[in-house]
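Take a look at the structure below.
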Amino acid sequence: MIEFVNLIINKDLHEYRNTQYFTEVLFLYLRYSRFLDDDYALDGNSFYEYFVSLLDRLNPFFWVILCDGKFSGFVFLDNLIGDKNHIHTAEITTCFLKEYWGDYTKYCAKLFLNFCFRKLKINKLKAQIYPQNFRTKAILRYCGFQKEAFLKNETLKNGQMQDIEIYSIFNQER
């Protein structure tokens, strides 16, 4: 059974939920940060400070993915466009432990998209990826995302100019 469990860290309200997964999420994020962040992400902070701040900022749109009660990865929504009553557009980011790559990843992606479109009523989801991230591109295409843009020299990664590709999918139920 697959579950999406909110990981909540809200420093202002002193609200912390499902923090038993914090360490696993932190180490998975750190392991694959080369696919998730550019050279500007830390902005002078330690990785730990950056990560806690990220979780705080993303609240309540960060989920731990559990497979039969075991940690398998995480997914979050960022750069939301809309208002408190309706999210029009959101950017999706996900990461899985290597042993869960493949069919499980595709199945989770379909479940989460369904959750976003049906429960959250999001109109459009988009993903920004580095062009060399072929695994993520394959999953996005499998789920129905289409390449929407290619941004040349969009950011800096490992001291080099880095292109970004944007993929998107629309809610067909609207």
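Measuring nothing but protein heavy atoms, the accessible surface of the chain at 1.4 Å probe radius is 50 percent carbon and sulfur.
Counted by Cβ distance under 13 Å from Asp43, the other residues give a net charge of -3, where Lys and Arg count +1 and Asp and Glu count -1.
Calculate log10 I(q)/I(0) of the chain for q = 0.13, 0.15 Å⁻¹, where I(q) comes from the Debye formula with a single equal point scatterer on each Cα and nothing for solvent. Rounded to two decimals, the profile gives -0.67, -0.92. Entry comment: accessible area of the stretch 53-174 is 54 Å² per residue, from protein heavy atoms only and a probe of 1.4 Å. In summary, the aspartates and glutamates within cross-link reach of Lys119, defined as a Cα separation below 19 angstrom excluding same-chain residues under 8 places away, comprise Glu3, Asp78, Asp83, Glu91, Glu173.
For the stretch 1-44, the solvent-accessible area works out to 66 Å² per residue, with a probe of 1.4 Å and every protein chain left in place.
Charges were assigned to the Cβ only: +1 to each Lys and Arg, -1 to each Asp and Glu. The resulting dipole of the chain about its Cα centre is roughly 640 debye. Remark: for residue pairs Lys70/Lys98; Lys11/Lys70; Lys106/Lys147, the C-alpha separation exceeds 22 Å in Lys11/Lys70.
In the chain, taking the dipole from charged Cβ atoms about the Cα centre, the farthest positive-side position among Tyr48, Tyr167, Asn133 is held by Tyr167.
The values are calculated or read from the model by the stated rules, or taken from the named source; none is laboratory data. Please read these numbers as outputs of a predicted model, since none were measured by experiment. A quick note on method: Cβ atoms are made from the backbone with ideal geometry, for glycine too, and the neighbour counts reach across all protein chains shown. Accessible surface areas use protein heavy atoms only, side chains included; no ligands, DNA or RNA. Shrake-Rupley method; radii C 1.70, N 1.55, O 1.52, S 1.80 Å.
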